[in-house]
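Asks: The structure follows.
The values are calculated or read from the model by the stated rules, or taken from the named source; none is laboratory data. Fair warning: this is a prediction, and the values are worked out from it, not measured in the lab. Using ideal geometry, Cβ is built from the backbone for each residue, glycine included, and neighbour counts are taken over all protein chains shown. For accessibility, only protein heavy atoms count, side chains too; no ligands or nucleic acids. Shrake-Rupley method; radii C 1.70, N 1.55, O 1.52, S 1.80 Å.
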Amino acid sequence: MAVPFADLQLQYQNIKAEIDAAIAAVIRDNAFIRGPFVDAFEHDFAKAASVKHCVSCANGTDALYLAMAALKVRSGDEVITTAHSWISTSAMITHAGATVKFCDTDGVTFTIDPAAIEAAITPRTVGIIPVHLYGQPADMDAIMAIANKHALWVIEDCAQAHLARYKGQMVGTFGAAATYSFYPGKNLGAMGDAGALVTNDAALAEHMMRLARHGGLVKHQHEIEGVNSRLDGMQAAILSAKLPHLAAWTEARQRAAAIYDAGLNQIEGVSVPQVAPGRDHVYHLYTIRHPRRDALAAHLNANGVQTAINYPTALPLLQAYARFGHTAEQFPHACRDQNSILSLPIFAEITSAQQDSVIRLLREFA
Ligand SMILES: *Cc1c(COP(=O)(O)O)cnc(C)c1O
């Protein structure tokens, strides 16, 4: 049985009438840039994310840049982040003008190790960007305690963690600001690029808005030099049409993860994802570890099951960071995981027959 890694076409077919109507309304109203559809999505997403302010922008990468620019990151500053993420997280630290300081993961949850953060702090450190990787919250109590002790800001990268909770509290509400991506494959995805910043700080929200819109909120009044990072009306309307389904989609992902957990955890060689106590995982990705990862992936792919590696190289070892001269020994968990992780197909609409076939192939491989 063919099992795609995700099935955006099926999701669209299930809510086609709502999506088509949303797109038609934007065209009818000529509301392509800013306008009522963008305002409505910002309002609705702020509510869904349990925050006071949502500032939409062009994508999740821009959101990280804009958050740091709004927090006035400067050259000479150091910002701490995880060795295991998508490159946006670290690249935007550099583009905001600061120096990236990588920390290893905790060896269990794929999220940043708070003990490593403490060790990486210097007098130049200004902030920490934890990533709720794969949809599991990072250890926010420990991270916020360190941040408060050293007067550092925290920006949560929530690109993979829409609606995830840590000890009952929504991710994205712990730090000064948080960033979201609505890349099509994310748990809430647009039909193109889209992103947002969220915060409970009104002044910070206004500053982020200014930065994202050419430095001013009123046409031709540029108070500062900003950038053009707008969410377009079409994407906003599509996201508003999808948002009411997000909670049910998230539960469906969690049910699918439970089926994988039960089917895979007795299979020789397979380590299923470990969820730390108090953390609600939203399974943007269902990532196992396997000592013969490449052979396993080839077996699955040859039998019609798509897989992915998120990500094949730990950030510090990418060519982009060769200037730091990092070695694998400095990031033992992240660098061990890069050779053993394998993401299996997961999406809200995955069927139990599809999951059974994935599980059967893994058992067969063992
Ligand atoms: C997707 C992603 C981003 C970037 O989002 P884009 O919308 O693709 O720019 C940033 N951080 C993480 C962890 C991501 O998964």
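Asks: Return yes or no: is Asp232 open to solvent by 20 Å² or more (accessible area, probe 1.4 Å), of a type in the set (Asp, Glu) and within 16 Å of the ligand (Cβ to nearest atom)?
Replies: Criteria met by Asp232.
Asks: Collect the residues in segment 324-344 that are assigned to a helix (DSSP H, G or I) and either over 21 Å from the mean Cα position of the chain (by Cα) or farther than 16 Å from Arg292 by Cβ (or both), keeping them in residue-number order.
Replies: Phe324, Ala328, Glu329, Gln330, Pro332, His333, Ala334, Cys335, Arg336, listed by residue number.
Asks: Moving on. Test each condition in (1) closer than 23 Å to Gln266 by Cα; (2) out of contact with any strand residue (DSSP E or B) (no Cβ under 9 Å at 6 or more places or on another chain); (3) touching a residue at least 24 places away in the same chain (Cβ under 8 Å) for Val358 and report the one that comes out false.
Replies: Failed condition: (2).
Asks: Next question. Name the pairs whose Cβ atoms lie under 6 Å apart, with the first residue in segment 79-96 and over 18 Å from Asp113 (Cβ atoms), the second open to solvent by 10 Å² or more (accessible area, probe 1.4 Å) and at pLDDT 95 or above, and 6 or more positions between them or separate chains?
Replies: Between residues of segment 79-96 that are over 18 Å from Asp113 (Cβ atoms) and residues that are open to solvent by 10 Å² or more (accessible area, probe 1.4 Å) and at pLDDT 95 or above, the close pairs are Ser88/Thr61; Met92/Tyr65; His95/Tyr65; Ala96/Tyr65; Ala96/Ala69; Ala96/Val73.
Asks: Among the residues that make up segment 92-104, is at least one of them among the hydrophobic types (A, V, I, L, M, F, W, C) and closer than 27 Å to Thr307 by Cβ?
Replies: Scanning segment 92-104, I find at least one residue that is among the hydrophobic types (A, V, I, L, M, F, W, C) and closer than 27 Å to Thr307 by Cβ, so the answer is yes.
Asks: Pairs please, first residue from segment 60-77 and touching a residue at least 40 places away in the same chain (Cβ under 8 Å), second anywhere and within 12 Å of the ligand (Cβ to nearest atom) and open to solvent by 40 Å² or more (accessible area, probe 1.4 Å), Cβ atoms under 7 Å, 6+ apart in sequence or on different chains.
Replies: Matching pairs, first to second residue: Gly60/Tyr183.
Asks: Is it the case that Met191 is under 26 Å from His245 (Cα atoms), within 16 Å of the ligand (Cβ to nearest atom) and surrounded by fewer than 24 Cβ atoms within 10 Å (Cβ to Cβ)?
Replies: yes
Asks: While we're looking at this one, here's another question. Within segment 318-327, can one find any residue that is over 27 Å from Gln13 (Cβ atoms) and among the polar types (S, T, N, Q)?
Replies: Within segment 318-327, one or more residues are over 27 Å from Gln13 (Cβ atoms) and among the polar types (S, T, N, Q).
Asks: Step by step: first the residues of segment 251-291, then only those that are polar (S, T, N, Q) and outside any helix (DSSP H, G or I), then the one that is nearest to the chain's Cα centre (by Cα). Which residue is that?
Replies: Checking each candidate, the answer is Thr287.
Asks: Being crowded, with 18+ Cβ neighbours inside 10 Å, more than 12 Å from the ligand (Cβ to nearest atom) and at pLDDT 95 or above is the requirement here; does Leu133 meet it?
Replies: The answer is no for Leu133.
Asks: Show me the helices (runs of 4 or more DSSP H) entirely contained within segment 1-118 in which 1 or more residues are small (Gly, Ala, Ser) and open to solvent by less than 20 Å² (accessible area, probe 1.4 Å).
Replies: 16-29, 36-48, 60-70, 88-95
Asks: Also, quick follow-up: Looking at (1) on the phi > 0 side of the Ramachandran plot; (2) within 11 Å of the ligand (Cβ to nearest atom); (3) open to solvent by 40 Å² or more (accessible area, probe 1.4 Å), which is the only condition Leu163 fails?
Replies: (2) is the only condition that Leu163 fails.
Asks: Still on this structure, I have one more. For Gly175, are the conditions met, namely being assigned to a loop (DSSP other than H, G, I, E, B) and either open to solvent by 10 Å² or more (accessible area, probe 1.4 Å) or at pLDDT below 95 (or both)?
Replies: Yes: the conditions hold for Gly175.
Asks: Does any residue of segment 293-311 turn out to be among the aliphatic types (A, V, I, L, M), touching a residue at least 60 places away in the same chain (Cβ under 8 Å), over 27 Å from Ala83 (Cα atoms) and surrounded by 16 or more Cβ atoms within 10 Å (Cβ to Cβ)?
Replies: yes
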